[in-house]
Amino acid sequence: MPGESRVALLPGDGIGPEVIHEAVKVLQAVARRFVLELGFTELPIGGVATDATGTPLPDVTLQSCLRADAVLLGAVGGPKWDHLPGPARPEAGLLQLRRELGVFANLRPVRLFPSVSGVSPLRAEVAAGTDLLIVRELIGGLYFGQPRGRTDDGAVDTMRYSAGEIARVARVACSMARGRRRKVTSVDKANVLETSRLWRETVEVVAREFPDVTLEHLLVDTCAMQLVRAPAQFDVIVTENMFGDILSDEAGAVAGSLGLLPSASIGDGRPFLYEPVHGSAPDIAGKGTANPIGAILSVAMLLRHSLHRDDAAATVEAAVERALEAGVRTPDLGGQATTVQMGDRISEEVTGGAAVAGRAAPRISLQRGQTPK
Ligand code: NAD
Ligand code: IPM
Ligand code: MN
């Protein structure tokens, strides 16, 4: 349909479908309020895709993602597939998708909502003011470097970065800092790793293009410590793929729950990918208690970065805050709300009774992706 924005939905495994259901509910509430025309196509990825087709990223899924305006993903993986060899694992499908979409910069904002600050394991005065953005390099480093695999008596993974791969993510971090508090902390292990020494040099060069942004360097072990000692000191953290993976889960705990964190993975040209930071949470999957806020705030990022609707994105973010302030909380936040109740409340806050008068009703088309036999 002309004018329609096409969103590829990849619920995946474990709590993935549970949180994506609520994220779509909120997106539909946004579509009603702002009269957006959205079309959804649901596609298999991860373990469920392996079970159905023998591969964690079926071609129909990849091709539909490449044709979409944005991709919204839940989570992949789980104990059922942990015995599979590396390339057949659900996680391999996600890594391939990120690579095929060329999404080299993964934006992971972490903000402490004052209404749930009591849930943070840190003392209130330590956690107060946490508002940072991790910019994680997403399609390079140890996750992708060759050679990798088993040798006669061991195993090998390779950390490899080109200056170009570092420069493009550093540029994203510096640009993002301009819209924030103009400080970038580049995190590496330059006292040991050659890739980190190249990282540091390259970030220095890029930062000269941004004289209004302050750059500092921190070793990753120190950064992990500073994140729990004084998290409010950070504005933008830019780091390589695996350091960013680890630091973002740590930052999730600082904010009170990993279940709160969203992400946007951006590149150039191809569609962007949106996913909560958490995984498939096998320990709570199927119970209906997962926190959908990470997925819902990922929808806000989708509205901002792919559909260029800052107004709608801000509405979703405000709705999440209001729902939390009202005391609606899933168990990870110390409450008893179900995933669905949390999604319902946030959707109601989006709709807010504020009918947009005199506009046409939005058209929402839902199409189920065909699972190839
Ligand atoms: P996890 O993030 O799934 O869970 C870690 C802990 O956080 C668990 O106790 C879980 O219950 C809790 N948690 C996570 N999300 C939550 C939410 N929304 N609400 C409430 N609690 C939540 O990490 P894990 O257990 O180490 O990994 C499980 C599987 O998920 C693995 O197969 C892993 O590879 C995969 N994984 C996938 C992604 C992804 O698809 N992007 C991300 C991380 C892990
Ligand atoms: C994440 C996850 C993934 C990663 C896994 C599932 C491949 O932990 O998105 O943070 O390490 O990138
Ligand atoms: Mn992770």
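The values are calculated or read from the model by the stated rules, or taken from the named source; none is laboratory data. Worth saying up front: this structure is predicted, and the values here are computed from it rather than measured. So basically every Cβ, Gly included, is an ideal-geometry build from the backbone, and we count neighbours across all protein chains shown. We work out accessible area using only protein heavy atoms, side chains counted, and drop any ligands, DNA or RNA first. Shrake-Rupley method; radii C 1.70, N 1.55, O 1.52, S 1.80 Å.
What to note about this one:
- Overall Cα dimensions of region 112-212 - principal axes, largest extent first, Å: 54, 37, 23
- Distance cut-off 19 Å, percentage of C-alpha pairs in region 1-153 lying past it: 66 percent
- Cα centroids of region 124-168 and region 1-72: 26 Å apart.
- Taking the convex hull of the alpha carbon positions in region 154-247 and averaging its projected area over all directions gives 6.4 nm².
- The convex hull of the Cα atoms of region 246-360, projected and averaged over all directions, covers 9.0 nm².
- Among Pro79, Pro17, Pro282: highest mean-square fluctuation, GNM of the chain, C-alpha pairs under 10 Å: Pro79
- On the chain, 53 percent of the accessible area sits on carbon and sulfur atoms, based on a 1.4 Å probe.
- Reduced Cα scattering model of the chain, Debye log10 I(q)/I(0), q = 0.12 Å⁻¹: -0.92
- Once both labels are positioned 7 Å from their Cα atoms along Cα-to-Cβ, the gap between Ile246 and Lys183 label points is 2.3 nm.
- Distance between the 7 Å Cα→Cβ label points at His308 and Gln226: 3.6 nm.
- Computed from point charges on the beta carbon alone (+1 for Lys and Arg, -1 for Asp and Glu), the dipole magnitude for region 121-255 about its Cα centre is near 420 Debye.
- Magnitude of the charge dipole, the chain, Cβ model with Lys/Arg +1 and Asp/Glu -1, debye to 20: 700 debye
- Distance between the pseudo-spin-label points of Asp157 and Arg208 (7 Å out from Cα toward the beta carbon): 3.4 nm.
- Projecting the Cα atoms of Leu84, Ser175, Pro109 onto the dipole axis of the chain, where Lys and Arg carry +1 and Asp and Glu carry -1 at the beta carbon, places Ser175 farthest toward the positive end.
- Cα-based values for region 166-302, radius of gyration first and Dmax second, are 16.1, 51 Å.
- Over the C-alpha atoms of region 283-343, the Rg to Rh ratio, Rh being the Kirkwood estimate, stands at 1.04.
- A Förster radius of 41 Å, combined with the Cβ-Cβ distance separating Val192 from Val340, puts the computed FRET efficiency at roughly 0.30.
- Taking every protein chain into account, the accessible area of region 90-223 amounts to 46 square angstrom per residue (probe 1.4 Å).
- With the cut-off at under 14 Å, measuring from each backbone N in region 167-204 to a point 7 Å along the Cα-to-Cβ line of Gln233 picks out 184-187.
- Spherically averaged projected area in nm², based on the convex hull that wraps the Cα atoms of region 248-315: 5.5 nm²
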